[in-house]
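Nothing in this text is a laboratory measurement; each read-out follows from the coordinates by a stated rule. Everything quoted here is computed from the prediction, not taken from an experiment. Neighbour counts run over all protein chains shown; Cβ positions are idealised from the backbone, glycine included.
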Amino acid sequence: MCNTFYIEIYGCQMNVYDSKNIISVMERRGFERTLDPKIADILIFYTCNIRENAARKVFSAIGMMKSSKTKVIAIGGCVAQAEKEELFKKSKLINIVFGPHVYHKLPDYVRQILNGEQIKIIDIDLEKFSKFGKTLNQKNISFSEFITIQEGCDNFCSYCVVPYTRGREYSRAAKDIITDAKHLVAHGTKEITLIGQNVNSYDGEAPYISIGAGSNHWKLDRLLYEIAGIDGLKRLRYTTSHPKDITIELMRAHSQISRLVPFAHIPIQSGSDKILRLMNRGHTVTEYVAKLKMFKTIFPDMQFSSDFIVGFPNETFSDFEDTVRIADDVKYTISYAFKYSRRKGTPAAQMDGQIPESEKEKRLKILQDTLIRCQIDRNNSLIGQTQTILFDKHGKKPNQYIGKNVCMQSVIAESDTNLIGEFRSVLIESAGPNSVFGKVLYKDE
Ligand code: SAH
Ligand code: SF4
Ligand code: F3S
């Protein structure tokens, strides 16, 4: 009988993409996936280290999920990269620690443990990117897929662990990305999201040299034109963008490519120039707002979402109020607010002026109230509009389906036929704070 594995996934889209590839490489080597951790021989935890609570989750999960059947426990991803050998001390049960760039070697490591080798295995090589280029198994391909086009980050925001857990920026060759995208679309993918920690700094080797083009590298906008042209693809997205790397060419691409959603996640983090400087974000509030304005001028349909961090070291209440103001002024479709989390090894963790937890909570609550208010206004404004929705899951009630509009807002509708994986035109009829409700009008092309 073949060995079974269970995988628990935390963190961002990069982890979702990596995990799908882990599932494919494990299956190709004869392991079988189970959705029940209690019957699995192998438990894989693919982790996130971005905030303290994200990192802590993994230890309680190990305790909850292991059973008398468990033979191997492997911890991968960003906590593995950050904590290294320390993880073996934190839990004696862990057999394998593997970083985000070496998951393709996991089947070999698992075999070693299953063969009875009494060793602890650690591989946290951040240098090579040999993990790419292995296509997903056909049965794991869904109607909506991510493709990593860029990984790592050179921005070194002072609060962030990503440059340490994912390493320096690396862009995959355009030819390989196009091959992956064509493979997915040929197997039923309708929506592709190109992902990267800093996706719009993409600078990948061109598939061919254009005469007179002067460069044998492609930027994100050029790649978007190419991928959007794949026959059968219906919707194209990318995330996450850094404000300083938004170019006029990218704005033009949005206005010219109909399959590209009129939407981008462009986090500002704080509305105070002083805090942005301390965060090492590389732009001011004015520069950020000017970019969004320019985007709207070139392409008036464009919508944005953002992340915010509250309680960064030395953030006064007045700095915080500047953040609330910007969240209110820019009409974001969706926003995410986080309490600053002090991460080991980052410059901000060493700064004086750390804000007490209770104050961070208070600020988070105030900002979230503002964001919810904006979202309710925004959701109400959708009533009466007809939108194209890609449905991706079941709702709470029978016959209820939940999907996303182009701006990633949740839309709920009822249907007698299965809508999962289908695009439908939906008339928005009412709105709540987190989602809107609509009626399916007709089947889309
Ligand atoms: N590369 C992306 C962000 C990736 S991390 C960008 O720069 O936009 C996702 C979000 O987590 C960030 O936008 C930030 O808001 C939040 N984040 C990162 N580190 C954090 C920390 N130490 N504490 C709280 N939030 C953090
Ligand atoms: Fe982290 Fe900043 Fe890089 Fe985003 S741009 S991944 S926040 S260092
Ligand atoms: Fe988390 Fe690593 Fe993504 S720290 S947010 S899983 S890059």
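Here is how the numbers come out for the structure above:
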| read-out | value |
| --- | --- |
| Formal net charge of residues neighbouring Y10 (Cβ-Cβ distance under 12 Å; K, R +1; D, E -1) | +1 |
| Relative contact order (percent, whole number), the stretch 151-287, Cα cutoff 8 Å, 6+ residue spacing | 24 |
| S425-Q118 FRET efficiency (beta carbon distance; Förster radius 41 Å; 0.05 resolution) | 0.10 |
| Inter-site label distance for V16 and S255 at 7 Å from Cα along Cβ, in nm | 3.1 |
| Hz values of 3J(HN,Hα) by residue in the stretch 264-275 - Karplus curve (6.51, -1.76, 1.60), Gly and Pro given as x | 8, 8, 10, x, 9, 6, 8, x, 10, 4, 4, 5 |
| Cysteines without a disulfide-compatible neighbour (Cβ-Cβ under 4.7 Å), the chain | C2, C12, C48, C78, C153, C374, C407 |
| Residues whose placed amide H lies under 5 Å from that of F338, excluding near-sequence neighbours | F308, I309, V310 |
| Cα gyration tensor shape of the stretch 257-328, rounded if a/c is under 1.5, else prolate or oblate by comparing a/b with b/c | prolate |
| Cα-based Kirkwood hydrodynamic radius, the stretch 1-131, one decimal, Å | 14.5 |
| Long-range amide H partners of L441 with built H, under 5 Å | S425, V426, L427 |
| Helix-only CD estimate at 222 nm, as mean residue ellipticity for the chain, using -39500 (n - 2.57) per DSSP H run (n ≥ 4) | -10000 deg cm²/dmol |
| Rg to Rh quotient for the stretch 141-261, alpha carbon positions, Kirkwood Rh | 0.97 |
| Contact order relative to length of the stretch 386-440, as percent, for alpha carbon pairs under 8 angstrom and 6 or more apart | 36 |
| Calculated from backbone phi, Karplus (6.51, -1.76, 1.60) coupling profile of the stretch 61-69 in Hz, x at Gly/Pro | 5, 4, x, 6, 9, 6, 9, 5, 7 |
| Karplus (6.51, -1.76, 1.60) ³J(HN,Hα), θ = phi - 60°, over the stretch 353-368, in Hz, Gly and Pro reported as x | x, 5, 8, x, 3, 5, 5, 4, 4, 4, 5, 4, 4, 4, 5, 4 |
| Projected label distance in nm at I248 and D369, using a 7 Å step from Cα toward the beta-carbon | 4.4 |
| Test item: Cα-centred dipole of the chain, Lys/Arg +1 and Asp/Glu -1 on Cβ, debye | 780 |
| Shape call, the stretch 40-105: gyration tensor on alpha carbons, a/c limit 1.5 | oblate |
| Average projection area in nm² (convex hull over Cα atoms of the chain, one quarter of hull surface) | 22.7 |
| Distance between the stretch 354-420 and the stretch 68-122 - C-alpha centres, whole angstrom | 37 |
| Taking the chain and dividing mean pair separation by its residue count, relative contact order in percent (alpha carbons under 8 Å, at least six apart) | 9 |
| Linear extension gain, R56 paired with T135, 0.36 nm per residue minus alpha-carbon span | 25.2 nm |
| P(r) histogram, all alpha-carbon pairs of the stretch 386-440 included - 10 Å bins from 0, percent | 28, 65, 7 |
| Entries in K90/K134; K105/K393; K175/K443; K84/K131 that, when Cα-Cα distance is taken, lie over 25 Å | K90/K134; K105/K393; K175/K443 |
| Amide H contacts of G421 (H built 1.01 Å from N, under 5 Å, at least 5 apart or other chain) | F391, D392 |
